[in-house]
Amino acid sequence: MDQLQLLASWIKDSGNIVFFGGAGTSTESGIPDFRSAAGLYQTQHNSPYPPEVMLSRSFFMSSPDIFFDFYRSKMIHPEAKPNGAHRLLAELEAKGKLKAVITQNIDGLHQLAGSRRVLELHGSIHRNHCMDCNTYYGLEQILEQTAAVPLCPECGGIIKPDVVLYEEALDHDVLVDAVAAIAAADLLIIGGTSLTVQPAASLITYFRGRHTVLLNGDPTPYDHQADLIITDRIGDVMGRIQGLLG
């Protein structure tokens, strides 16, 4: 039995699957990881700021114009479409087999593919709030603004994306739900993540189920804990798994 057939058999035998994903889940949809995006921005703008600085709370507060120039030009991809990974996960949820998608991504592609229970550890570009009056704004309203820094039409305050920046804490309720979902799972599929960003990566240590599967092109610190490692492109792999499942 080859790797894909083995994974397909585990999926068929499982009734409580959880998917934990990172940037690699969306690269086949044309969305680069934030470090690659920041590197491109640095080259194009001769910028001295590394990604961890540009995406920090203190930089957002001190230089919102530079933050939003980078954010709008490199972090938002409204034209992106779900790939085979997003589609298979949505299908498995619809069949009652997959109980949660836990993602480090902020692009909303899982929801666009049809997934309903998506725990977004780092927030979403699709939700935005005024920092002064807390008025909600969707992504379209942010993209429509021509000012360097989007301002609230109601009070004039800065509109901040509901994206977790460096120096900010992850949402406590999302973390609790993610831990509970992973702890209850019988099959944990980890895809498109180097498992180096904390505290997100440490969540997988709560898994007590039967099988852990790693779908990632590069080695991770948790490879020794995996029952199966597949290094091919995740969108392609999940698309082929979908065919095997029938």
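Report the trypsin sites (Lys or Arg not before Pro) located in the stretch 50-107 that are in a DSSP loop and have at most 12 other Cβ atoms inside 10 Å of their Cβ, or state none.
On the way: sites: R57, R72, K74, R87, K95, K97, K99; in loops: K95, K97.
Here the trypsin sites (Lys or Arg not before Pro) that fit, given the DSSP loop and packing criteria, are K95.
The number of Lys pairs in the chain with C-alpha atoms less than 29 Å apart, excluding pairs fewer than 8 positions apart on the same chain, is 9.
Phi-derived couplings, Karplus 6.51 cos²θ - 1.76 cosθ + 1.60 at θ = phi - 60°, listed residue by residue for the stretch 184-189: 8, 6, 9, 9, 10, 9 Hz, with x used for Gly and Pro. Sum up the charges of everything whose Cβ sits under 11 Å from the Cβ of D162, counting Lys and Arg as +1 and Asp and Glu as -1, but leave D162 out. Cβ neighbours under 11 Å give a net charge of -1. 3J(HN,Hα) along the stretch 8-24, derived from phi through the Karplus expression 6.51 cos²θ - 1.76 cosθ + 1.60 where θ = phi - 60°, amounts to 4, 5, 5, 5, 4, 7, 9, x, 8, 9, 10, 10, 10, x, x, 4, x Hz, with x in place of Gly and Pro.
Between the helical axis of 84-94 and the longest alpha-carbon principal axis of the chain there is an angle of about 70 degrees. Note on N134/S73: beta-carbon distance plugged into 1/(1 + (r/R0)^6) with R0 of 45 Å gives a FRET efficiency of 0.95. Put a dot 7 Å past the Cα of K95, heading toward its Cβ, do the same for A148, and the two dots end up 5.2 nm apart. For S56, the residues whose amide H sits under 5 Å from its own are Y166, ignoring neighbours fewer than 5 places away on the same chain, with H placed 1.01 Å from N. Over all directions, the projected convex hull of the C-alpha atoms in the stretch 1-141 averages 10.4 nm² in area.
Counting pairs of Cα atoms in the stretch 1-69, how many percent are more than 16 Å apart? Before the final figure, lay out the partial values.
On the way: 1519 of 2346 pairs.
The share of Cα pairs beyond 16 Å in the stretch 1-69 comes to 65 percent.
Nearest 5 is fine: what % of DSSP beta bridges in the stretch 125-246 come out antiparallel, could you say? Of those bridges, close to 45 percent are antiparallel. On a per residue basis, the chain carries 46 Å² of accessible surface, using protein heavy atoms and a 1.4 Å probe. Amide H to amide H, with H built 1.01 Å from N, F20 comes under 5 Å of I102, I189, I190, G191, counting only residues 5 or more places away or on other chains. The value given for the chain is a Kirkwood hydrodynamic radius of 18.9 Å, derived from the mean inverse Cα-Cα separation.
Note on the chain: antiparallel DSSP beta bridges, both residues inside, total approximately 25 percent of the bridges counted.
Close amide H pairs (under 5 Å, H built 1.01 Å from N) link G123 with V164, residues at least 5 positions away or on another chain.
Take every Cα pair under 8 Å in the stretch 112-184 that's 6+ residues apart, average their separations, divide by the length, and report that relative contact order as a whole percent. Please list the in-between numbers first.
On the way: 78 pairs, mean separation 26.0, N = 73.
It rounds to 36 percent for the stretch 112-184.
In this entry, the stretch 95-234 is assigned a mean projected area of 10.2 nm², taken as a quarter of its C-alpha convex hull surface. Per-residue Karplus couplings for the stretch 200-210, computed as 6.51 cos²θ - 1.76 cosθ + 1.60 with θ equal to phi - 60°, are listed in order as 4, 4, 5, 4, 5, 5, 7, 6, 10, x, 7 Hz, Gly and Pro entered as x. With the biggest extent put first, the Cα atoms of the stretch 115-154 measure 33, 20, 15 Å across the principal axes.
The values are calculated or read from the model by the stated rules, or taken from the named source; none is laboratory data. Bear in mind that the values here come from a model prediction, so they are computed numbers and not experimental data. Here the Cβ is made from the backbone with ideal geometry for all residues, glycine too, and neighbour counts use every protein chain on show. What goes into the accessible areas is simple: the full protein's heavy atoms, side chains included, and nothing from ligands, DNA or RNA. Shrake-Rupley method; radii C 1.70, N 1.55, O 1.52, S 1.80 Å.
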